[in-house]
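The values are calculated or read from the model by the stated rules, or taken from the named source; none is laboratory data. Treat the numbers as computed from the prediction; the structure is a model and nothing was measured. Ideal geometry is used to build each Cβ from the backbone, glycine not excepted, and the neighbour counts take in all protein chains shown.
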Amino acid sequence: MKRTLLYISLLLLIEPVAFAQSRGTKGATDQSWQQFYTAFRTAVRKRDRITLKQLMSTNFEWAADGNVNAAEAINYIDQGLVSWQKILKSANGGVINCKSKDSSCWNFSGAQAKRTIKPNWLVFELGSDGRWRWVRLVGD
């Protein structure tokens, strides 16, 4: 009985600390996502190629046609292969979290991933360095 009470007492002490730590990590991740996504949408709206390039993966997957660098992807956008307007519409159209090995995010490799809903899927990953990046354009 004493052992059970001791165990319960320890759990009551440890659990709030564990919850607060996990909540703190989640809060930091949420904050970094919000900062990233705000900067991303602003860069797309202003067609700020320099900032957008900084927010992209160096190994960007373009519409399942292969990997290109960020400058090439931006060049494709400038050429109208997918318009700036469609990318902005996608960025403003809502975002969902990807699940592990979720085919809708094309089996992302980062710790976490998110994607836009429509008209194009813009896929974003949280890298091992703790930075969010635009990694993939799917569709169109």
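Tabulated values for the structure
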| read-out | value |
| --- | --- |
| Subset of the stretch 37-62 [surrounded by 17 or more Cβ atoms within 10 Å (Cβ to Cβ) and at pLDDT below 95] | S57, F60, E61, W62 |
| Neighbours by Cβ (under 8 Å, 6+ apart or cross-chain): first from the stretch 65-89, of a type in the set (S, T, N, Q); second surrounded by 14 or more Cβ atoms within 10 Å (Cβ to Cβ) and not in a helix (DSSP H, G or I) | N67/F60; N67/E61; N69/F60 |
| Only listed residue being at pLDDT 90 or above and more than 21 Å from V44 (Cα to Cα), chosen from G130, G110 | G130 |
| Test: residue in the stretch 95-105 that is of a type in the set (S, T, Y), under 20 Å from L137 (Cα atoms) and modelled with pLDDT of 90 or more | no |
